There are 2 protein chains.
Amino acid sequence: MGADLYDVVGIGNAIVDVIASADEPFLERHGMTKGSMMLVDAERAAAIYAEMGAAIIASGGSAANTIAGIASLGGRTGYIGKVADDDFGAAFRHDIRASGAVFATPTAGEGPPTAHCLIIVTPDSQRTMNTYLGACTNIGEDDVDPEMIRSASMTYLEGYLYDDPRAKRAFELAASIAHDARRKVALSLSDPFCVERHRADFHALIDRHVDVLFANEAEALALFETSDLDEALRGLRGVTGVAAVTRGAAGSLVLSAETVVTIEAAPVPRVVDTTGAGDLYAAGFLYALARGAPLEKCGALASLTAGEIIGHFGARPQSALAPLAAFI
Amino acid sequence: MGADLYDVVGIGNAIVDVIASADEPFLERHGMTKGSMMLVDAERAAAIYAEMGAAIIASGGSAANTIAGIASLGGRTGYIGKVADDDFGAAFRHDIRASGAVFATPTAGEGPPTAHCLIIVTPDSQRTMNTYLGACTNIGEDDVDPEMIRSASMTYLEGYLYDDPRAKRAFELAASIAHDARRKVALSLSDPFCVERHRADFHALIDRHVDVLFANEAEALALFETSDLDEALRGLRGVTGVAAVTRGAAGSLVLSAETVVTIEAAPVPRVVDTTGAGDLYAAGFLYALARGAPLEKCGALASLTAGEIIGHFGARPQSALAPLAAFI
């Protein structure tokens with residue numbers, strides 16, 4: 001077996017973000033839970049958009065953000081996700097390729113338009129997301145390129161894919177191919193409500209396949225149906241090789257069977273928009289892990305890359321992250 | 001005659017900006033002149049985009065940016081411009097309406113897609129623009145709503161419209177309707193190369209119709225075919241009621257037959273992207289003028305609104321400008 005072609009291949013919902021600022025009453029008026037992700041249909045998406053202010057449009061998608069981040073650090077990456085043949089799909093394709101990632105998933109020929117996520121950023125810089133999955137629901141097992149998965153050291157899966165039955169099958173196929181080829185699998189739990197919706201399935205997947213798990217506190221608590229973080233941390237150490245639990249401004253905890261490492265958040269001059277913080281944390285972490293760095297270095301680089309992304313609107317790096325890679 | 005319904009109605013190229021950072025060699029490789037606007041066809045636009053990095057997409061268009069700025073200050077505005085029935089067109093329509101402006105120009109039913117401008121921001125924060133006019137070339141005299149023009153105190157025209165014969169006719173019709181209704185007309189010269197291309201037409205238009213003229217130094221020099229700024233300034237005072245000449249970090253000069261006012265640039269913590277600086281200068285100026293402010297206040301508010309826009313990516317305000325309006 002030769003050297004791996006990719007450090008990380010990601011599979012996720014290929015989404016374009018539509019980002020606008022709004023105040024807290026906007027969230028209340030529209031029944032949104034601050035900081036969470038809500039799935040919306042085309043009609044509700046249109047209704048929310050109609051009331052949003054002028055917006056910035058930028059490629060997003062959780063795993064895609066992570067892959068773009070790893071590419072920006074200098075990692076070799078590939079991405080699997082479904083867009084439609086429209087302006088947003090073209091922008092997504094351009095941006096993920098411009099980051100340096102290989103992206104060859106066939107465009108959906110018909111059906112709903114490219115997915116978009118209406119993101120409201122409140123004055124406290126928190127983001128609240130409303131996702132219209134659109135063309136993402138057309139991803140299928142055929143889109144999972146087995147060669148790409150087998151030639152990647154790590155396959156990275158976003159939990160959001162569990163929200164659609166077809167995407168879930170593609171997701172599980174990718175995990176199986178990776179493990180059968182003795183590659184590693186990483187998973188992000190994505191959102192506490194997503195964990196609530198699919199808890200049993202997540203547990204089964206983690207038991208079978210997952211080597212590296214990313215969660216924030218709320219997601220870790222939701223996974224183990226507890227309000228006690230220590231209990232959730234014990235649970236994580238029992239089920240996966242490495243887990244990273246992010247805690248916003250309080251930093252993060254990196255857990256393995258042998259150790260618990262406390263990581264501080266990187267200092268950020270001004271937090272503008274927390275969209276993508278978790279995704280870019282995973283980017284720094286996985287890049288460092290692929291380079292063979294010890295867990296404390298993985299966590300430290302993760303803090304730096306998350307710090308870059310929250311300093312501006314949007315979930316893709318605005319400047320090349322490569323200089324940060326020198327840190328490990 | 002009742003009170004005017006609009007403070008300012010703008011007519012311009014309805015464009016979506018696609019903005020990415022790049023270094024100076026990128027400009028050289030693609031034969032771009034830094035700081036200028038170049039018209040490109042669909043093929044060249046695609047070739048440039050393919051080599052650009054991951055981009056932010058945001059509504060743009062010179063007059064549209066100005067109108068959105070005036071609306072954000074609290075002014076009553078309308079906009080006339082042509083988009084196609086695609087994602088970019090929908091985003092443009094949403095954003096201009098979300099700013100508070102009335103926008104009712106019919107969408108182009110067929111023909112080229114919504115215009116986009118590929119903007120390269122170099123490390124010195126200068127923007128270099130490549131415009132594919134697309135659906136803008138479908139604007140016609142039918143799109144100029146005479147009632148809207150007649151019920152606006154001021155009609156604002158962007159010089160860029162002169163680059164397309166149909167748009168030029170629409171533009172001249174709007175100017176005629178405004179003046180016949182004893183309303184004021186403002187013009188932005190847009191770009192020195194645009195002035196070179198259409199110098200005689202601009203002179204004729206200014207002589208016949210223009211009450212307020214916006215130009216940067218290069219455009220003022222180009223209009224009078226001189227390299228002597230004093231000569232250009234004398235020229236401007238001879239042909240129009242009020243002229244504002246912007247000078248980047250050196251501030252601006254506001255000229256009338258009676259006076260020359262020197263305006264300082266507003267202090268900006270960090271210049272990120274100069275896209276829209278001239279457009280938002282015009283926004284502050286015209287809003288103050290509509291409120292009856294003296295020229296020094298018009299220039300000072302213009303400096304503040306231009307200062308907001310160069311502090312972030314994109315040419316539309318990221319925060320409501322209304323607090324700045326208290327300044328006049």
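No value in this document is a laboratory result; all are computed from the given coordinates. Here the structure is a predicted model, which means the values were calculated and not measured. Using ideal geometry, Cβ is built from the backbone for each residue, glycine included, and neighbour counts are taken over all protein chains shown.
Pick from B:Ile19, B:Ile56, B:Ile309: which residue has the top mean-square fluctuation in a GNM of chain B where Cα pairs under 10 Å get a spring? In the Gaussian network model the winner is B:Ile56. On a per residue basis, the convex hull of the C-alpha atoms belonging to the range B:190-328 measures out at 107 Å³. All distinct Cα pairs of the range A:235-314 go into the 1/r average, and the inverse of that average, the Kirkwood radius, is 12.6 Å. Highest GNM mean-square fluctuation among A:Ala55, A:Ala277, A:Ala84, for chain A modelled with Cα contacts below 10 Å: A:Ala55.
Convex hull over the Cα atoms of the protein assembly as shown, averaged projected area in nm²?
Approximately 28.6 nm², given one-decimal rounding.
With +1 on each Lys and Arg Cβ and -1 on each Asp and Glu Cβ, and nothing else charged, work out how big the dipole of chain A is about its Cα centre, in Debye to the nearest 20. Mind dumping the intermediate values first?
On the way: 25 positive and 42 negative charges, 158 e Å.
About 760 debye.
Select from A:Ala178, A:Ile309, A:Ala68 the residue farthest towards the positive end of the dipole of the protein assembly as shown; place +1 on Cβ of Lys and Arg, -1 on Cβ of Asp and Glu, and compute about the Cα centre. Looking along the dipole axis, the top candidate is A:Ile309.
Label sites at A:Asp230 and B:Asp41, each approximated as a point 7 angstrom past Cα along Cα to Cβ, lie 7.3 nm apart.
Each Lys or Arg adds one and each Asp or Glu takes one away; over the other residues whose Cβ falls under 14 Å from the Cβ of A:Val210, this sums to -2. Averaged over residues, the count of other Cβ atoms within 10 Å places the peptides B:201-212, A:133-144 in the sequence A:133-144, B:201-212, highest first.
Using the alpha-carbon positions of the range B:116-216, Rg (one decimal) and Dmax (whole number) come out as 14.6, 47 Å. Selection among B:Pro267, A:Ser190, A:Ala322 by position relative to the dipole of the protein assembly as shown gives B:Pro267 as farthest towards the positive end (Cβ unit charges, Cα centre). Each 10 Å bin from 0 upward holds the following percent of the Cα-Cα pairs of the range B:46-135: 16, 44, 32, 9, 0. Remark: mean inter-chain Cβ contacts per residue of A:87-96 equal 5, using a 10 Å Cβ-Cβ cutoff to other protein chain atoms.
With a cut-off of 12 Å between beta carbons, the residues surrounding B:Tyr156 carry a summed charge of -2, where Lys and Arg count +1 and Asp and Glu -1. Rounded if a/c is under 1.5, else prolate if a/b is larger than b/c, else oblate: which is chain B, with a ≥ b ≥ c the root eigenvalues of its Cα gyration tensor? Because its axes are fairly even, with a/c under 1.5, chain B counts as rounded.
Under the Kirkwood approximation applied to all pairs of distinct alpha-carbon atoms, what is the hydrodynamic radius of the range A:40-190 in Å? Before the final figure, lay out each step's value.
On the way: mean 1/r = 0.0618 Å⁻¹.
Across the range A:40-190, the inverse of the average 1/r is 16.2 Å.
Rounded, prolate or oblate: pick one for the range A:179-260, where a ≥ b ≥ c are the square roots of the eigenvalues of its C-alpha gyration tensor, a/c under 1.5 means rounded, and failing that, prolate if a/b is larger than b/c, else oblate.
Numbers: a/c = 1.68, a/b = 1.23, b/c = 1.37.
Here the range A:179-260 falls in the oblate category.
Could you work out the helix-only [θ] at 222 nm for chain B, with each DSSP H run of four or more residues adding -39,500 (n - 2.57) and the total divided by the number of residues, to the nearest 500 deg cm²/dmol? Each step should come with its number before you reach the end.
Numbers: 13 runs with 129 residues, N = 328.
Rounded to the nearest 500, the figure is -11500 deg cm²/dmol.
Highest GNM mean-square fluctuation among B:Tyr49, B:Tyr132, B:Tyr160, for chain B modelled with Cα contacts below 10 Å: B:Tyr49. For the protein assembly as shown, lysine pairs separated by 8 or more sequence positions, or belonging to different chains, with Cα-Cα distances below 29 Å total 12.
All other residues whose Cβ lies under 10 angstrom from that of A:Ala58 are scored, Lys and Arg at +1 and Asp and Glu at -1, for a net of -1.
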